[in-house]
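Engineer: I have a structure here, written as C-alpha cells, and I will follow up with some questions on it.
Values quoted throughout were computed directly from the atomic coordinates according to the rules given, and no laboratory measurement underlies them. Since we're looking at a predicted model, the values are computed, not measured. Cβ sites come from the backbone with ideal geometry, for glycine too, and all protein chains shown count toward neighbours.
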Amino acid sequence: MSENQEVEHHKCLIIGSGPAGYTAAIYAARADMSPVMYQGLQPGGQLTITNDVENYPGYPDGINGPQMMIDFQKQAERFGTDVRFGMVTKVDFTGPLHKVWVDGKKEITADAIIISTGASAKWLGLESEQRLNGFGVSACAVCDGFFYKGQDVAIVGAGDTAAEEATYLSKLCNKVYMLVRKEEFRASKIMADRVLNTPNIEVLFNHETKEVLGEKGVEGVLAVNNKTGEETKLEVTGFFVAIGHKPNTDIFKGWLDMDEVGYLKVEKGTSKTKIPGVFASGDAADKVYRQAVTAAGTGCMAALDAERYLTEIGKH
C-alpha cells in the first residue's frame with residue numbers, strides 16, 4: 001500500500017456471500033451496522049451452480065439457485081449493505097482492530113468481521129462430470145435426491161457422508177450403485193453395515209469412475225475395476241459425488257481454531273470464534289448440515305452476535 005493511500009475502516013465487514021453472508025448482511029444492515037461485503041471468488045456461493053432449489057421455505061414452486069442468490073443480494077442491498085466484488089486474500093487479527101487485505105492490495109480495518117466464505121465440494125476432476133454438473137451430476141444428495149425418485153443412480157465415495165447419502169438415496173431411488181475406490185469403506189462400521197444391509201444399494205468395491213455418460217443429461221456411468229481393468233456401464237440418470245468438502249478457510253490458518261479439514265470452530269451455540277469480534281457462519285463452520293437454510297440461520301446468529309459485541313465495546 002502506498003503511503004498516501006488511506007486505510008478504509010468499517011464497523012462491520014462480511015467476508016463471502018451466499019445464504020450465510022447475505023442473511024448476516026440483511027440483519028446487520030437493519031441494525032444500522034453499515035455492513036460492507038466482499039463477495040469472494042464465487043458470488044452467491046455453491047447455490048449459483050444449483051439449478052433447482054425446492055427445499056428452501058418460502059418458495060412453493062421452487063427456485064433457480066442463481067436467481068435465489070440474486071434475490072438475497074437485492075434484499076441485503078435494499079437495507080443498505082455495500083456489496084462489492086473482490087476477494088479477501090490476507091487477514092491480521094492481532095489487535096482490537098481487525099485488518100484484511102482485498103485482492104492482495106487494498107487494506108481495510110473493521111471492528112467486527114463475519115466470515116461466510118463457505119465450502120467447496122471436492123470433485124473427481126472429469127470433464128464430463130463438470131459439463132453435466134447440475135444436469136444429473138450433484139454433490140448433495142439431500143438437496144437433489146428428490147429429483148431422482150424411482151430412478152437408478154450412482155454415488156461415489158467411501159466415508160460416512162457417502163454412506164449416509166447412499167442410504168438417503170435408497171429411500172427415494174429404485175437402485176443405488178455405490179462406487180468405492182478401495183476394497184473397504186472409510187466409513188464407521190455402523191454406517192458401512194447400514195449400507196451393506198440395504199437391499200437396493202449395490203456396492204462396487206475397487207471401482208473408479210472413468211466417465212459420466214450423456215450429452216444434455218446423465219445417461220450412465222462408465223466404471224472401471226482398478227484391479228482387473230474391467231469396465232462396467234451403469235445405466236443411471238443421476239450421479240452423486242460424495243468425496244468430501246473443503247472449507248474455504250485457508251486465509252484464517254494460524255489465526256482461528258479449525259479442525260483437521262479446515263472447518264472453523266465456534267463457541268457452542270454461537271458464531272463466536274476464539275478472536276473477539278470475529279464470527280463464523282455458514283458452511284465454513286458447518287460440516288454436518290451444509291444446507292442453505294442452516295447457513296442462513298447461522299448468518300443471522302453471526303449478525304446478532306456482532307451487534308452485541310459492538311454494543312459491548314461502545315462502537316454501536
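Engineer: Give the aspartates and glutamates reachable from Lys274 as a straight Cα distance under 19 Å; neighbours fewer than 8 places away on the same chain don't count.
Structural biologist: Asp92, Asp111, Asp250, Asp257, Asp259, Glu260, Asp283, Asp286, Asp305, Glu307, Glu312
Engineer: Continuing with the same structure: Excluding Ser128 itself, what net charge comes from residues whose Cβ is under 11 Å from its Cβ, given Lys and Arg +1 and Asp and Glu -1?
Structural biologist: Charge balance in the 11 Å sphere: -3.
Engineer: A further question follows. Using a cut-off of 13 Å between beta-carbons, work out the net charge of the residues near Glu54 (Lys and Arg +1, Asp and Glu -1, Glu54 not included).
Structural biologist: -2
Engineer: What order do you get for Val288, Val53, Val293 when you list them from fewest to most C-beta neighbours inside 10 Å?
Structural biologist: By the 10 Å Cβ count, ascending: Val288, Val293, Val53.
Engineer: Rounded, prolate or oblate, given the Cα gyration tensor of region 123-241, with a/c below 1.5 counting as rounded?
Structural biologist: Oblate, since a/c reaches 1.5 and b/c is not below a/b.
Engineer: Taking the Cα-to-Cβ direction at Ser34 and at Asn55 and moving 7 Å from each Cα, how far apart do the two end points lie in nm?
Structural biologist: The modelled label-to-label distance comes out at 4.1 nm.
Engineer: As a test of understanding, state the convex hull volume per residue of the chain from its alpha carbons, in Å³.
Structural biologist: 148 Å³
Engineer: A follow-up question, please. Given R₀ = 45 Å, FRET efficiency for Arg78-Glu215 by Cβ-Cβ distance, to 0.05?
Structural biologist: That gives a FRET efficiency of 0.65.
Engineer: Next up: Restricting attention to region 193-254, which GluC sites (Glu not before Pro) occupy a DSSP loop and are surrounded by at most 15 other Cβ atoms within 10 Å?
Structural biologist: The qualifying sites are Glu215, Glu219, Glu230, Glu235.
Engineer: Given contacts defined as C-alpha pairs under 8 Å and at least six residues apart, what's the relative contact order of the chain, whole-number percent?
Structural biologist: 20 percent
Engineer: Any idea how far apart Thr94 and Glu8 come out in nm if each label point goes 7 Å out from Cα toward Cβ?
Structural biologist: Simple spin-label model gives 2.4 nm for this pair.
Engineer: Taking neighbour counts of Cβ atoms within 10 Å as a proxy for exposure, in what order, fewest first, do Met37, Met301 appear?
Structural biologist: Placing the least packed residue first, the sequence is Met301, Met37.
Engineer: At 4 °C and 1.567 mPa s, what whole-number value in µm²/s does Stokes-Einstein give for the translational diffusion of region 1-50, with Rh from the Kirkwood sum over Cα pairs?
Structural biologist: Answer from the Stokes-Einstein relation: 106 µm²/s.
Engineer: Kindly rank 157-164, 98-105 from highest to lowest mean number of other beta carbons found within 10 Å of each residue.
Structural biologist: Answer by packing, highest mean first, reads 157-164, 98-105.
Engineer: Full extension from Thr228 to Arg131: what is 0.36 nm times the residue separation minus their Cα-Cα distance, to one decimal in nm?
Structural biologist: 32.1 nm
Engineer: For the chain, what is the mean residue ellipticity at 222 nm derived from helices alone (per DSSP H run of n ≥ 4: -39500 (n - 2.57); sum divided by total residues; nearest 500 deg cm²/dmol)?
Structural biologist: Taken over the chain, the calculation gives -7000 deg cm²/dmol.
Engineer: Oh, and also: Sort by residue number and report every cysteine in the chain with no other cysteine beta carbon within a distance under 4.7 Å.
Structural biologist: Lone cysteines by the Cβ rule: Cys12, Cys173, Cys300.
Engineer: Largest first and to the nearest Å, give the Cα extent of region 224-282 along each principal axis.
Structural biologist: Reported extents, whole Å, longest axis first: 56, 24, 18.
Engineer: Measuring from a point 7 Å past the Cα of Ser120 along Cα-to-C-beta, which residues in region 35-52 have an amide N at less than 15 Å?
Structural biologist: In region 35-52, the label zone of Ser120 (backbone N under 15 Å from the point 7 Å along Cα→Cβ) covers 40-49.
Engineer: Could you size up the charge dipole of the chain around its Cα centre, putting +1 on the beta carbon of Lys and Arg and -1 on that of Asp and Glu, and report it in debye to the nearest 20? Please report the intermediate quantities before stating the final value.
Structural biologist: Details: 33 positive and 42 negative charges, 89 e Å.
Charge dipole, the chain, about its Cα centre: 420 debye, nearest 20.
Engineer: May I ask which residue of Asn225, Pro247, Cys143 lies farthest towards the positive end of the charge dipole of the chain, with charges of +1 (Lys, Arg) and -1 (Asp, Glu) on Cβ and the Cα centre as origin?
Structural biologist: So the residue furthest toward the plus end is Pro247.
Engineer: What's the ranking of 134-142, 247-255, 181-189 by average number of surrounding C-beta atoms within 10 Å, highest first?
Structural biologist: 134-142, 247-255, 181-189
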